[in-house]
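**Student:** After the structure tokens below, expect a handful of questions from me.
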Amino acid sequence: MKLFGMSGDRNDFRKITSHPQQAIGCELFRAMDGDMLDQRILRIRNGELEIEILVDRGFDIGRVLYRGIPTQWVSPAGFRHAHSFHPSAVEPDGWGWLRNWQGGFLSTIGIDHVGGPVTHPNRHLHPAITGERRFTGGFISLSPTTIEKINVDWDKGTIEVQAKVRQAAAFGEHLVMTRRITMNFGEAKFHFSDSVRNDGYIEEPIQVLYHINLGWPFLAPGSKVSTSCTEMLACIDSAKGVDPTTMPAPTPKDVERVWDWNAPKGKQWVELTNPNAADRGDMTMRLEWDGTQLPHFMQWRNACEALYVQGLEPSTTGLLGRAADNSHAGPAPDVAPGDSRDFDLDFTFKGNV
């Protein structure tokens, strides 16, 4: 393995350090103040990347630093504990979730609904329940997790963490997501995988959008987006005729733009490149996924002053929703009790910073 310019095995690094956490680590701690009060954070350091996982927010990823440069966008709400969310926050129109949404490097939308607020007919066999409410954002990012594994292996040069989170209700859905993040020492990349299982008693829709949010200092005016996804399926009105490839400067009262791209079967990718990140040199983040698993690539951008964010979002579902899905995959089938759907993302960072 190679760390900070030195190559060797565990014994070589033992001779030059007095404690493993001097260079590499995976530590669990609790925030004691401010927006993050009471939030459990799992901080991973592998020599190239520093990653903070929000244990009480569905094991979503709050921060990612590459060679010390922050890459994530944080919403005005900050990294609030999910316990600050309550049902009245989604009333009356279902958008109150935004008061609790952290943004962060990766937040999970779903896992049984992607899109705006909606009420479905009762599906779960209770005669008094006439409708099942789903709000924008979904439940999973508001849910605490159970950590199943934290393993820093100096012999193999690997770090692996895993957690489980449950979205369930009596006379409702019962979905269990197992999330795993793995990486090697000294490499500016990591693998992210989810398996979502239906532990309930009837078929369930599984819909997921991975909301990857990039902000300053990685994101800056002139940053470029390139992707293997070239067939535009739809866009919102504000995005019509707008160049999706180049980030503009912060703009007063700018409105969001959203493009929905088809992600064909097989490996798909998107890159964001800043030619001079933090005035230190070029820097690129590359995201790869399988279009069979996630057949849409949603691109979200808001250049408004004091918001300024670029979202890169592989998804099961596009702008038209699940029922009217116009991707190559068409509407996804419901998942039978005991069955699951798997999703995999690979992140790679590079540059001369």
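**Student:** Tell me, which strands (runs of 3 or more DSSP E) lie completely within the range 278-353 with 1 or more residues that are modelled with pLDDT of 95 or more and surrounded by fewer than 16 Cβ atoms within 10 Å (Cβ to Cβ)?
**Tutor:** Output list reads 340-351.
**Student:** Could I ask something else about it? Any idea which residue in the range 123-160 is farthest from C26 (Cα to Cα), counting only those that are surrounded by 13 or more Cβ atoms within 10 Å (Cβ to Cβ) and among the aliphatic types (A, V, I, L, M)?
**Tutor:** First, pick out the residues of the range 123-160 that are surrounded by 13 or more Cβ atoms within 10 Å (Cβ to Cβ): 123-124, 129, 132-145, 147, 150, 152, 154, 156-160.
From what is left, the residues that are among the aliphatic types (A, V, I, L, M) are 129, 140, 142, 147, 150, 152, 159.
Details: I129: 45, I140: 24, L142: 23, I147: 13, I150: 7, V152: 7, I159: 8 Å.
By that ranking, first place goes to I129.
**Student:** Filter the range 261-277 for residues that are in a loop (DSSP other than H, G, I, E, B) and surrounded by 16 or more Cβ atoms within 10 Å (Cβ to Cβ) and give the result.
**Tutor:** A263, P264
**Student:** Among the residues of the range 195-241, how many are assigned to a strand (DSSP E or B), surrounded by fewer than 16 Cβ atoms within 10 Å (Cβ to Cβ) and polar (S, T, N, Q)?
**Tutor:** Residues in the range 195-241 being assigned to a strand (DSSP E or B), surrounded by fewer than 16 Cβ atoms within 10 Å (Cβ to Cβ) and polar (S, T, N, Q): 2 in total.
**Student:** Pairs needed: first member in the range 5-27, farther than 18 Å from I44 by Cα; second member anywhere, of a type outside the set (G, A, S) and in a strand (DSSP E or B); C-beta distance under 9 Å; at least 6 residues apart or different chains.
**Tutor:** G8/K2; D12/M6; F13/L3; F13/M6; I16/M6
**Student:** Now for a different question. Out of curiosity, is A170 in contact with a strand residue (DSSP E or B) (Cβ under 8 Å, 6 or more places away or on another chain), in a loop (DSSP other than H, G, I, E, B) and surrounded by fewer than 21 Cβ atoms within 10 Å (Cβ to Cβ)?
**Tutor:** No.
**Student:** Also, quick follow-up: Criterion first (farther than 17 Å from V196 by Cβ, of a type outside the set (G, A, S) and under 22 Å from the mean Cα position of the chain (by Cα)) does W154 satisfy it?
**Tutor:** Considered against the rule, which asks whether it is farther than 17 Å from V196 by Cβ, of a type outside the set (G, A, S) and under 22 Å from the mean Cα position of the chain (by Cα), W154 comes out as no.
**Student:** Strands (runs of 3 or more DSSP E) wholly in the range 1-78 with at least 3 residues that are surrounded by 20 or more Cβ atoms within 10 Å (Cβ to Cβ) - which ones? Spell out the reasoning first.
**Tutor:** Details: elements: 25-30, 40-45, 49-54, 60-66.
Counting at least 3 such residues, we get 49-54, 60-66.
**Student:** Moving on. Could you say which residue among P295, P264 is within 27 Å of S195 (Cα to Cα) and touching a residue at least 60 places away in the same chain (Cβ under 8 Å)?
**Tutor:** Going through P295, P264 in turn, just one is within 27 Å of S195 (Cα to Cα) and touching a residue at least 60 places away in the same chain (Cβ under 8 Å): P264.
**Student:** Every residue in the range 181-191 that is surrounded by fewer than 21 Cβ atoms within 10 Å (Cβ to Cβ) and outside any loop (DSSP other than H, G, I, E, B), please. Spell out the reasoning first.
**Tutor:** First pass over the range 181-191, keeping only residues surrounded by fewer than 21 Cβ atoms within 10 Å (Cβ to Cβ): 182, 184, 186-189, 191.
Within the range 181-191, T182, N184, K189, H191 qualify.
**Student:** Provide a single number: the residues in the range 146-165 that are among the basic types (K, R) and touching a Ser or Thr at 6+ places or on another chain (Cβ under 7 Å). Please lay out each step first, then the result.
**Tutor:** Within the range 146-165, the subset among the basic types (K, R) is 149, 156, 164.
After this cut, where a residue has to be touching a Ser or Thr at 6+ places or on another chain (Cβ under 7 Å) as well, the list is 164.
Here the count works out to 1.
**Student:** Also, I was wondering about something else. Would you pick out the residues in the range 191-221 that are in contact with an Asp or Glu (Cβ under 8 Å, 6 or more places away or on another chain) and under 30 Å from R280 (Cβ atoms)?
**Tutor:** H191, F192, Y210, H211, I212
**Student:** Kindly indicate which of D60, D56 is touching a Gly at 6+ places or on another chain (Cβ under 7 Å) and in contact (Cβ under 8 Å) with a residue 60 or more places away in the chain.
**Tutor:** D60
**Student:** For V258, work out the one condition from (1) more than 21 Å from R63 (Cβ to Cβ); (2) in a loop (DSSP other than H, G, I, E, B) it doesn't fulfil.
**Tutor:** Looking at each condition in turn, V258 falls short on (2).
The values are calculated or read from the model by the stated rules, or taken from the named source; none is laboratory data. Only a predicted model underlies this, so the values are computations on that prediction, with no experimental measurement involved. Please note: Cβ atoms are built from the backbone with ideal geometry, for glycine as well, and neighbour counts cover all protein chains shown.
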